[in-house]
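S.K.: Can you keep this structure in mind? I'll have questions shortly.
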Amino acid sequence: MNRIAIVALACTATFASEIPSAHAQGQWAFGDASLNDRGDRIDATLDGDLLVCDSNVLTRIDGATTTLEWRRRVEDFYPLDVIEAADGRVVAAGLHVDDQGGLHAAIMFFDGAGNHLDQRIYPGASAYESYELIQTADGGFLLACETLAPSGSMAPLLIRTDGVGDDLWIHRYDMPDHPFGVGEFCDVEEILEGDRSVFHLTGRFQTDSLARSDTLMAVVDDLGAPVIAAHLGFSSFSDFGRGLRVVSDGYVVTGYSKQLNEGGGTYLMHLDWNFGVSWYRGIEAFAGNKAMDITSTGLVRLPGYSSFPDPVRDAAIVEIDLSAPNSASGLRYGDVGSEKALDFVPDGGGYALIGETWSFGTPQADHYLVRTDSALGSDCIEALYEPQVIPGQIIRQDLKLTAVALERPIQSELTPRGIRWFEEIVCDDSEPIGPCTDPPIEMTSWWTMDELAGTTAADSISGLDGVHVSGPMIVSGMVDNALDFDGADDHVRVPGDPLLQIDTAGVVTGDLTIDAWIRIDATTSGGLHPIVASNGSCQGYAFYVRDGRLEAAFSDGPLQARWTSSNPVVIGEWLHVAVACDRGLPNESCRFYIDGVEEVGVLPFPFTPTLGALDGGSLLIGRMEPFCSVGNSQPEHFNGVIDEVEYFRRALDASEIQAIHAAGEGGKCKVTCNPPWDRPFCIDDAFIDVTIPVCNASQVDADVQISFSGLNPPTCGGIAGPTVFTLLTPNPVIVAAGGCVNVVVRIDRPVGMTALNQVGCYEMQLQNLVDGRVSSGRGSVQDRRDLCPIGPPDPIEVSVGETQEIGFPFINTGFDGEIVEWRAVVYAPDMTFSDAFILDDGAPGSSLVGQLQTSVGEEGLITFSLRATRFVSGECDVVIFTRAGRAWIPLASRGLRMEPGVFYCPSDLNGDLLVNGGDLGLILGDWGACSGCPTDLNGDGLVGGADLGVFLADWGDCSR
């Protein structure tokens, strides 16, 4: 809000200081992706900084550089106005919500650096947009808001306090002639008459019928007693006062009006000292607010935005000459999306205009800041704005107000919390986010931390969702949102699940990788910061930072191991950290990565091949229980921000981890597609319809723009790819958080596809209009005029360990020969061979070949069994090829969608789901005393005859 002019006896206008600007003009957006950020109110400090508040956060901006000094949030407090006190304190007024959902007025005090000092709560007061706070001439404060009257209607409320917020008086203003009417104060100015204060107010009045509203005008003395009151309005539409300035001959008032359009507009009027109307003007297609400034030349300047029926929402400042109020002109800003100006303040010869924008690709609004020169120019995108001014005849009526003193409240405490995030966007959009990278295959769990609200940390892969414990804060992270942990008790708890256990060293899933983006609080020195842990007192695993270095600790009970990175991490900065452990014999080891650079792991005590299965129960993010392998005797907690936590039941290689780091804020692609690689054009087909799943692994709905383009050899295929694509589903398409949508595209036969077995490729591009990220996937089509698959290639639902019969029917439409040689291969999501599947009892990862006799016009069926040996995230594909000379040409494919799960067979020591000679060799190799060995099947500390008996009883396929 504008600073208050306090004068003796005489009543003068508040003028903008017309001196050369001391700051750079421009336009900025800033905010937090987890919050609906909009700048509601702004004030200028004595040293030229800017204070901004919205219903979530207080912000201080350096006036010289337009960069953030601090942002603060107080739990259960929603600031609605902010000012700087004469002694430099930052004072915010707003709404406090108690544990029962009750609403109360509150005033919060901070020092200039944003440190919380104190607060005062005034029970019973409630409002959403009408809070107005000023510092009074005696150094105290006056808060104008509203409260609930005995009739059940809302009544105006004034709270006057001393300099520390203790109330001097609290008055509700009843309207005895309208007991069920509604009233609120929206703006106030203090004028000194001798040594006493008089408060001039405007706001809203509604009669008992609530059919329409009028502008409320009132004057009260320094004890809160009403002096004069009136309401001014029209019989056919609503308006109400939002802002006023006391001038030498009365008042200039601005407010909301529905005189001109259904969407609402703005009015400006001049009143004498008795609230008699000198003139009234409606401003068409302009939505103003309470702010107003009057220059030394008598120009009234109002912030707002272009409104209905104007189709574009642009922030704007308009000015009207008080001496000739028949036209309005000004500038509108933005032109890159939807911007609204809600408040402004004189700022170094110009203005600082605050509001909201939806222009920068976020699912929530951002603050929008424009800094102008004295002529309203911003050195950025702007245009002349001349809304029409229409005269009106408003009617004045007296209004009786009665001041009712309310009881002094008992004070309670609020809990200050911090938000540390700021993004500067100059003139237009920010630098685009870099391209995302494909997620590594076979991810087990992925906690993106992207939730906008709530207490769930969703797992985008396996559904192993975590719950916030003790209130970690949602903040902006390295990639979209993240969680800020206080180092005292904040953490995320994920219920225990076999997928999150580490198996014995002999099993391939005994390997693991954990990675995350972290930023340890810069005020922290030394100490222990758990990133991910799943441990009991002497069972499980943990990945953490201790005294500046990464460590990973393991224990199966009797045996322990701990690895330490060779180089320290940087405190106070974003880092990508990872640990990848390969437990395969004979070279088992753990490797650390800091920002993609591999660190040599130092082993303080042995990581033994005989370390057994590790089951620590719940998985914790940001917390570690007391753990013998670490040596902590009490729970430890992370102090700082954690983002993008991932868990793999395999050891990622260096290139995979480096790709995640290199993507930076682009992150891993969360909106993905899986175009098929083998859709055939059968004989005489001019086009084919292809169904492609588009999936969204984020926690925010995605608005996805889809496009296609053909690829040329040698990039992909043997001929130029298709060029004509027709989407048969809406574009863009909304993909719900955590969901998938099947997109159908019609692909015309490529021009150059004129012969059997020719292959052409294409690329599908996805642009998420919410965050601007772009991802893609490739597919192919081929000429199969000889063999044509029958029916749609529906995906196959797969469960770990279960055997399924797979069928691929086709019709012979011109095959040259009587015997079709076919080959079946399972591909991982990255189109490499997957060793997670067994075809017809073959070796994991091997292909399957067969023959089938056929004649032209006959139908054929290729069948075989398929079994998954472990969980693989993403969609794998089983692809059928047929031989053409020495080449294998794709015929058909079906996607494999897996339910998360783990299959356990204790006697299957090498993890191939078969109990046979390979496992027997491991038993014989450990024969004798071997406590904790996975080959000790009965757990007696000896590998001997008893274990051999258990083993032989499981001989064969242990998945059946």
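S.K.: Only one residue in 372, 357, 362 is modelled with pLDDT of 70 or more, within 30 Å of residue 774 (Cβ to Cβ) and not assigned by TED's automatic domain parsing to the domain that holds residue 773, so which one is that? Let's see the steps before the verdict.
M.R.: Values: 372 fails: within 30 Å of residue 774 (Cβ to Cβ); 362 fails: modelled with pLDDT of 70 or more.
From the options 372, 357, 362, the qualifying one is 357.
S.K.: Tell me, which strands (runs of 3 or more DSSP E) wholly within segment 597-689 include 1 or more residues that are at pLDDT 85 or above and outside the structural domain of residue 549 (by TED's automatic domain parsing)? Let's see the steps before the verdict.
M.R.: Details: elements: 597-599, 601-605, 619-621, 639-648, 671-673, 679-681.
Because the criterion is at least 1 residues that are at pLDDT 85 or above and outside the structural domain of residue 549 (by TED's automatic domain parsing), the strands (runs of 3 or more DSSP E) in segment 597-689 that meet it are 671-673, 679-681.
S.K.: So, one more: Is it the case, given these coordinates, that residue 844 is under 30 Å from residue 656 (Cβ atoms), outside the structural domain of residue 684 (by TED's automatic domain parsing) and under 45 Å from the mean Cα position of the chain (by Cα)? Let's see the steps before the verdict.
M.R.: Values: under 30 Å from residue 656 (Cβ atoms): yes; outside the structural domain of residue 684 (by TED's automatic domain parsing): yes; under 45 Å from the mean Cα position of the chain (by Cα): yes.
The answer is yes for residue 844.
S.K.: Kindly provide the set of residues from segment 859-886 that are within 30 Å of residue 498 (Cα to Cα), assigned to a strand (DSSP E or B) and polar (S, T, N, Q), ordered by number.
M.R.: 865
S.K.: Suppose we filter 704, 751, 743, 770 for residues that are assigned to a loop (DSSP other than H, G, I, E, B) and within 30 Å of residue 457 (Cα to Cα); which single one remains?
M.R.: Selected residue: 770, the only one of 704, 751, 743, 770 that is assigned to a loop (DSSP other than H, G, I, E, B) and within 30 Å of residue 457 (Cα to Cα).
S.K.: Taking segment 44-57, which residues are among the acidic types (Asp, Glu) and either free of Cβ contacts under 8 Å to residues at least 12 places away in the same chain or buried (at least 24 other Cβ atoms within 10 Å of the Cβ) (or both)?
M.R.: Restricting attention to segment 44-57, the residues satisfying the condition of being among the acidic types (Asp, Glu) are 47, 49, 54.
Within segment 44-57, just 54 meets the criteria.
S.K.: Scanning segment 814-838 for residues that are of a type in the set (D, E, K, R) and over 14 Å from residue 870 (Cα atoms), which turns out surrounded by the most Cβ atoms within 10 Å (Cβ to Cβ)? Can you show your working first?
M.R.: Of all residues in segment 814-838, those of a type in the set (D, E, K, R) come to 816, 818, 821, 823, 830, 835.
From what's left, over 14 Å from residue 870 (Cα atoms): 816, 818, 821, 823, 830.
Working: 816: 8, 818: 11, 821: 14, 823: 17, 830: 14.
Result: 823.
S.K.: Same structure again: Which of the residues belonging to segment 292-327 are modelled with pLDDT under 90 and under 18 Å from residue 40 (Cα atoms)?
M.R.: 304, 305, 306, 307, 313, 314, 315, 316 - these are the residues of segment 292-327 that are modelled with pLDDT under 90 and under 18 Å from residue 40 (Cα atoms).
S.K.: So, residue 818, is that one at pLDDT below 90, over 45 Å from the mean Cα position of the chain (by Cα) and in the same structural domain as residue 862 (by TED's automatic domain parsing) or not? Let's see the steps before the verdict.
M.R.: On the way: at pLDDT below 90: yes; over 45 Å from the mean Cα position of the chain (by Cα): yes; in the same structural domain as residue 862 (by TED's automatic domain parsing): yes.
So residue 818 fits the description; yes.
S.K.: Mind checking which residues of segment 833-870 are farther than 20 Å from residue 804 by Cα and touching a residue at least 40 places away in the same chain (Cβ under 8 Å)?
M.R.: 854, 855, 856, 857, 858, 859
S.K.: Moving on. Take residue 856 and decide whether it is at pLDDT 85 or above, closer than 24 Å to residue 760 by Cβ and either assigned to a strand (DSSP E or B) or over 37 Å from the mean Cα position of the chain (by Cα) (or both).
M.R.: No; evaluated as a whole, the condition is false for this residue.
S.K.: Does residue 445 satisfy the condition of being under 30 Å from residue 656 (Cα atoms), in a strand (DSSP E or B), among the small types (Gly, Ala, Ser) and at pLDDT 80 or above? First the steps, then the outcome.
M.R.: Numbers: under 30 Å from residue 656 (Cα atoms): yes; in a strand (DSSP E or B): yes; among the small types (Gly, Ala, Ser): yes; at pLDDT 80 or above: yes.
Yes: the conditions hold for residue 445.
S.K.: Say whether the condition of being modelled with pLDDT of 90 or more, among the hydrophobic types (A, V, I, L, M, F, W, C), more than 19 Å from residue 328 (Cβ to Cβ) and under 44 Å from the mean Cα position of the chain (by Cα) is met by at least one residue in segment 215-224. Give the derivation first.
M.R.: Within segment 215-224, the subset modelled with pLDDT of 90 or more is 215-224.
Checking which are among the hydrophobic types (A, V, I, L, M, F, W, C) leaves us with 216-220, 223.
So of that shortlist, the ones also more than 19 Å from residue 328 (Cβ to Cβ) come out as 216-220, 223.
Narrowing the set further to residues that are under 44 Å from the mean Cα position of the chain (by Cα) leaves 216-217.
Yes, segment 215-224 contains at least one residue that is modelled with pLDDT of 90 or more, among the hydrophobic types (A, V, I, L, M, F, W, C), more than 19 Å from residue 328 (Cβ to Cβ) and under 44 Å from the mean Cα position of the chain (by Cα).
The values are calculated or read from the model by the stated rules, or taken from the named source; none is laboratory data. Small disclaimer: the values here were computed from a predicted structure and weren't measured. In this analysis, Cβ positions are derived from the backbone assuming ideal geometry, glycine residues included, and neighbour counts consider all displayed protein chains.
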